[in-house]
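First comes the structure, then the notes that go with it.
The values are calculated or read from the model by the stated rules, or taken from the named source; none is laboratory data. All values reported here derive from a predicted model rather than from experimental measurement. Methodologically, a virtual Cβ is constructed for each residue, glycine included, from the backbone with ideal geometry; neighbour enumeration extends over all protein chains shown. Remember, those area values only see protein heavy atoms, side chains included, never the ligands or the DNA or RNA. Shrake-Rupley method; radii C 1.70, N 1.55, O 1.52, S 1.80 Å.
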Amino acid sequence: METRRKADINGLLSRLPLFAQVEPETIATLAANTVEVRLEKGKLLFQQGDAADGFYVVVYGQVKLGFAAQSGHEKVIEILGPQQSFGEAVMFMGRPYPVFAQALSDTLLLHIPGDPIFSLIERNGSFARRMLAGLSMRLHTLVQDVESYSLRSSTQRLIGYLLRNADEADGNTAEIDLETSKQVLASRLNLTPETFSRILHALSESKLISVNGKHITIHDVAKLNAYEG
């Protein structure tokens, strides 16, 4: 049974974009040190302040990263899905996790310890560049978030999320299935749940969208993009 588990990890690692072009022997070494972590929906992976000794890759499911705000409410920093990784920066700094991680659905993760990653970075420049690119992209996203919170209204932030994540349908219409609960998304967009719901209602009243649970139909992409509220 242990052999089968290791073989599964080997295959999962080799299919991740981060490990593309890494030689099979190195993948096997990483797999030997990698651990599967299965979380049921709602379970915590780690708490803010816990020690970090590696990073995680989501195989399937969803994980939210967040922290407790001074108001007592939680602030969601990021929502991660399949083939996304997290914890790399903290691993490099050797510091405790600055956030908590919690499963939003039944989730399978791979925990990859730091030491074999450090060795791989020293030997494989291509892998080092891919990891650096991933960290840079995350930093760019965080800068965009700060800019959005500072310069854009609540309505503009929610509309921006809808347009970024919508699948184009016919002509000027689009469809979107919300990736998680409205409460979690509200926190991710730096909104209260009440404000989130109020904006959705206003957009529905304006005939720009229709809301059916987590499924949203955008009736006119151009008009929604231009809507000021």
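Observations on the model:
- Evaluated against (1) part of a helix (DSSP H, G or I); (2) open to solvent by less than 50 Å² (accessible area, probe 1.4 Å), VAL58 falls short on exactly one condition, (1).
- Of the numbered criteria (1) more than 22 Å from ALA133 (Cβ to Cβ); (2) touching a helix residue (DSSP H, G or I) at 6+ places or on another chain (Cβ under 6 Å), the one PRO96 fails is (2).
- Exactly one residue out of PRO17, PRO24 is within 29 Å of ASN124 (Cα to Cα) and at pLDDT below 85: that is PRO17.
- Residue pairs whose Cβ atoms lie under 7 Å apart, separated by 6 or more positions or on different chains, with the first residue in segment 109-126 and under 10 Å from LEU30 (Cβ atoms) and at pLDDT 90 or above and the second hydrophobic (A, V, I, L, M, F, W, C) and open to solvent by 30 Å² or more (accessible area, probe 1.4 Å), are LEU110/LEU12; LEU110/VAL59.
- Taking the conditions (1) touching a strand residue (DSSP E or B) at 6+ places or on another chain (Cβ under 7 Å); (2) loosely packed, with under 12 Cβ neighbours inside 10 Å; (3) of a type in the set (S, T, N, Q) in turn, GLN70 satisfies each one other than (1).
- From the options ARG152, ARG129, residue that is modelled with pLDDT under 90 and either of a type in the set (Gly, Ala, Ser) or over 29 Å from ALA68 (Cβ atoms) (or both): ARG129
- Of the strands (runs of 3 or more DSSP E) lying entirely inside segment 170-229, the ones with 1 or more residues being within 15 Å of ILE159 (Cβ to Cβ) and more than 23 Å from the chain's Cα centre (by Cα) are found at 209-212, 215-218.
- Filtered residues of segment 164-181 (kept if modelled with pLDDT of 90 or more, surrounded by fewer than 16 Cβ atoms within 10 Å (Cβ to Cβ) and within 26 Å of VAL63 (Cβ to Cβ)): GLU175, ASP177, SER181
- Residues located in segment 45-78, provided they are acidic (Asp, Glu), over 17 Å from the mean Cα position of the chain (by Cα) and either at positive phi or at pLDDT 90 or above (or both): ASP50
- Residue count for segment 22-47 under the criterion of being open to solvent by less than 80 Å² (accessible area, probe 1.4 Å) and in a helix (DSSP H, G or I): the result is 8.
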